[in-house]
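**Q** To start, I am sharing the structure in question, which I have written as structure tokens.
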Amino acid sequence: MIGVKDENQLNSNIDKIISLRYTYVQKYELCMPFRRYFFKLKNPEVPLPNIIGFQDSDIDMGNHEDNFHIHMVKINSDFWIDQLLFRNYLRENHNARKEYESVKESLAKRDWNSINDYAEAKSDYIAKILEKARKFYISKL
């Protein structure tokens with residue numbers, strides 16, 4: 001995750017990240033306008049554009065195996081805070097970390113039409129952990 005101080009920096013950094021051989025998925029801004037999403041494929045020979053735009057609805061991002069992905073968001077936005085809460089809670093809670101690992105391993109064994117389906121399948125569990133993380137950190141205040 002990359003954090004920027006100002007939302008205007010979201011767009012001004014896109015070309016820099018593309019220059020590192022990442023693909024920018026502009027069309028995901030339709031559901032998350034506060035985030036810029038990038039990925040780098042395992043197989044660099046797969047022909048994809050540098051930018052997958054709003055009009056590129058026929059390109060299925062879920063059928064390619066990626067090595068890395070980047071979420072670029074404003075520092076201290078809700079997305080930023082939630083991601084760090086989730087990460088920190090798993091770091092501090094062995095049982096939650098092992099349970100999440102088990103969920104991911106179980107889901108990874110299934111055949112998925114799309115990696116997006118896999119991500120959706122674990123979203124309820126992530127929401128549950130995030131709620132626990134919020135309560136945990138609020139109780140520490």
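The values are calculated or read from the model by the stated rules, or taken from the named source; none is laboratory data. These numbers come from a predicted model, not from an experiment. Positions of Cβ are generated from backbone atoms using ideal geometry, with glycine treated the same way; all protein chains shown enter the neighbour counts.
**Q** Go through region 88-99 residue by residue and tally those that are surrounded by fewer than 13 Cβ atoms within 10 Å (Cβ to Cβ) and of a type in the set (K, R).
**A** Qualifying residue count, region 88-99: 2.
**Q** Quick check: is even one residue across region 46-64 aromatic (F, W, Y), closer than 28 Å to A127 by Cβ and touching a residue at least 40 places away in the same chain (Cβ under 8 Å)?
**A** no
**Q** A further question follows. Taking only pairs six or more apart or across chains, which ones have beta-carbon atoms under 8 Å, a first residue in region 23-41 that is free of Cβ contacts under 8 Å to residues at least 40 places away in the same chain and farther than 18 Å from S12 by Cβ, and a second residue that is among the aromatic types (F, W, Y) and loosely packed, with under 15 Cβ neighbours inside 10 Å?
**A** Here the result reads K27/F54; L30/F54; F39/F68; K40/F68, each pair linking region 23-41 to a residue that is among the aromatic types (F, W, Y) and loosely packed, with under 15 Cβ neighbours inside 10 Å.
**Q** Do we find that N43 is in contact with a Ser or Thr (Cβ under 8 Å, 6 or more places away or on another chain) and at pLDDT below 75 in this structure?
**A** no
**Q** Evaluate the following for I75: is it crowded, with 16+ Cβ neighbours inside 10 Å and touching a strand residue (DSSP E or B) at 6+ places or on another chain (Cβ under 7 Å)?
**A** When the stated conditions are applied, I75 does not pass them.
**Q** Which one is surrounded by the most Cβ atoms within 10 Å (Cβ to Cβ) among residues in region 1-45 that are over 22 Å from L84 (Cβ atoms) and among the aliphatic types (A, V, I, L, M)?
**A** By that ranking, first place goes to V25.
**Q** Looking at region 100-141 only, could you name the residues that are part of a loop (DSSP other than H, G, I, E, B) and surrounded by 13 or more Cβ atoms within 10 Å (Cβ to Cβ)?
**A** Answer for region 100-141, where residues must be part of a loop (DSSP other than H, G, I, E, B) and surrounded by 13 or more Cβ atoms within 10 Å (Cβ to Cβ): W112, S114, K122.
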